[in-house]
Amino acid sequence: MLDVESPPGLSRGAGRDLVAGRGRAPRVGTLRSVSRYYITTPIYYVNDAPHVGHAYATLNADALARWHRLRGEEVFFLTGTDEHGLKVAQAAAAAGMTPQEWTDRLSARFEEAWRELSISNDDFIRTTEERHHRSVQAFLGTIYENGYIYPSTYRGWYCVACEQYYAEAELAEGDCPIHARPVQWYEEENYFFRLSAFEERLVSWYEENPEAVRPGSKRKEALSFIKGGLQDISITRRSITWGVQVPWDHDQVFYVWYDALVNYLTAIGYGVDAERFATWWPVAHHLIGKEIIRFHCVWWPAMCMAAGIDPPAEVLVHGWLLVGGEKMSKSSLNQIAPSDLVADFGVDAVRYHLLRDTPLGSDGDFSYEGIVARYNADLANNLGNLLARVATVVGSRCGGVGPAPGGGRLASVAAAAVAEAVEAWDDSQPHRALEAAWRLIRETNAELEATEPWKAEPGPEVDAVLGSALEALRIVSLLAWPAMPSACSEVWRRIGMPGHPESSRLPEAAAWGGYPGGLGVEKGKPLFPRISSGQAGAARG
Ligand code: MSP
């Protein structure tokens, strides 16, 4: 059932090495000609509060935005809320509020959730904003003038929970294939987008831009959907008023998806600031969940073409966070508020777990046992323990002053970890980058256990071992900073480094030998005290 949801979709990635300078950061060791990165999350429906599935999506985008900033690129990171459509209007009515009152309240909860998770977005867009209405009207008005929109009669099935039309053949025993709930029959006079005119152009775009939808499996899905034949789609609604008014027919509003996708353009000045738009659009990267591939990898590139702009540089598709095998969603009971997790584990541990546990592109299973186990193993026993023991021994053997690093095996272990983490972050694979950073932590702990500097007499050998461990901690605080900004800044401060990890430039700053020695090292309280599963579970009941 999980994979039935999106019609053969699409996707694959990234506008990396595409045409003329668009795309993402170059690989390690290559000349960096691209200095900008625009990353977006989907805009979230405000029919209910944010849950951990949304947090997973936004966190991945945040970590990538932070990584590209560490790379020295100029970054624009956008998230926001999708506030029109029937689903939201119905949620407002059920709560006895006007849609505007309802969306004001719910949108604020998303902003608050992102603050609690240290999300570093540069803008937060709401589709009810005036700037967005203007840009939707300009964008779709252009497509209309270009002759790709025409009036006709729509007849078909609609699932309000998906805000999506379904062909008879796509239904599961007459119900919505995702929600397993009854669909509604619609028949109205409205406007259609000539999607069928873009079949060949879309196929050529996929062929010319093999990295435009990632991972490859999603690219294939999208491409086979396109090759299966595209039908024109209804893009306006006469029967509802909660939406963006169609500029050439004031009795209709745009179908919610047509208004929503345009948010990516609104936020960078489409139609009002040509220079700003030209700066950011060529480096646009959309991070999306796997059930909205058809919208982002078929409709959206076709709409861009119809309006005379390039499709986005990359669509990066992630899987779902599941609980007990089911998608965490607003309509199921197993939803978990991100703030509950932050209260139990702290923001950096939640960020680390979500990014480390599920490879971007795969589904992941979320459980309390899982996060407790990873917290204790990776954060308390590995990173936390390394920092505590190094600080303690520097206190007892070196008078609290950190020595400069030696060379030897750890230097080459670190070089390999840095190369792999940089490559993984550049490739939008946070879990792999963190895995590489933790390999360095484990090897450093092993080196300490092998040399036992706490038993040795103070001297140059002990200094070299401790200096190398401090250098490994410095490097780890850079490699893991996009995932755990506060904890990494704290490690940085405790080992005596001035400033913050984020003022460094990678990969240069992660080269071995950057820890100068002669800095005061502070032990402080345990960074990640061990948690028993009873403790964390208790808060959840
Ligand atoms: N409003 C549309 C998106 C419009 S973008 C122009 C929408 N909203 S949504 O709130 O239903 O979903 C937003 C994103 O959250 C989707 O990418 C979806 O995959 C993601 N997730 C929702 N639940 C999720 C999980 N359980 N796990 C991972 N991501 C999940 O679709």
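The numbers here are math on the coordinates, done by the rules we state, and not lab data. Everything quoted here is computed from the prediction, not taken from an experiment. Note that each Cβ is placed from the backbone with ideal geometry, even for glycine, and that neighbours are counted across all protein chains shown.
Computed over the chain, the per-residue total of -39500 (n - 2.57) for DSSP H runs of n ≥ 4 gives a 222 nm mean residue ellipticity of -13000 deg cm²/dmol, rounded to 500. The calculated P(r) of the chain, using every Cα pair and 10 Å bins from 0, goes 4, 18, 27, 24, 15, 8, 4, 1, 0 in percent.
In segment 205-346, taking the dipole from charged Cβ atoms about the Cα centre, the farthest positive-side position among Val315, Tyr255, Ser224 is held by Ser224. The charge dipole of segment 72-153, taken about its Cα centre with unit charges on the Cβ of Lys, Arg, Asp and Glu (plus for the first two, minus for the last two), comes to roughly 380 debye.
Count Lys and Arg as plus one, Asp and Glu as minus one, and take only other residues whose Cβ is under 13 Å from that of Arg351; the net charge is then -2.
Scanning the chain for cysteines with no neighbouring cysteine C-beta under 4.7 angstrom from their C-beta gives Cys297, Cys304, Cys398, Cys488. Every pair of different Cα atoms in segment 428-484 enters the Kirkwood calculation, which places the hydrodynamic radius at 12.3 Å. Extension gain, Glu369 to Asp122: 0.36 nm times the residue separation minus the Cα-Cα distance gives 85.5 nm. Highest average first, the peptides 94-106, 418-430 ordered by how many other beta carbon atoms sit within 10 Å of their residues are 418-430, 94-106.
Between the listed residues Thr279, Gly85, Tyr148, the Cα displaced farthest toward the positive end of the dipole of segment 29-318, a dipole computed from Cβ unit charges relative to the Cα centre, is found at Thr279. Highest mean first, the peptides 281-290, 397-406, 202-211 sorted by other C-beta atoms within 10 Å per residue fall in the order 281-290, 397-406, 202-211. Stretching the chain fully between Asn381 and Ser224 yields a gain of 51.8 nm (0.36 nm per residue, less the alpha carbon separation).
Once you reduce segment 125-140 and segment 318-388 to the center of their Cα atoms, the two points are 35 Å from each other. Structure note, pairs Lys327/Lys525; Lys87/Lys227; Lys87/Lys327: Cα-Cα distances above 28 angstrom occur for Lys327/Lys525; Lys87/Lys227. Net charge near Ser503, counting Lys/Arg +1 and Asp/Glu -1 over other residues with Cβ under 14 Å of its Cβ? Combined, the nearby Lys, Arg, Asp and Glu give +4. Divided by 2.2 N^0.38 Å, where N counts the residues, the Cα radius of gyration of segment 29-318 comes to 0.98.
Taking a Cβ cut-off of under 9 Å around Thr128, the surrounding Lys, Arg, Asp and Glu residues balance to a net charge of -3, with basic ones at +1 and acidic ones at -1. Extension gain, Ile240 to Tyr186: 0.36 nm times the residue separation minus the Cα-Cα distance gives 18.2 nm. Here's the picture: charge each Lys and Arg Cβ at +1 and each Asp and Glu Cβ at -1 in the chain, and of Leu64, Phe139, Pro177 the one pushed furthest to the positive end of that dipole is Leu64.
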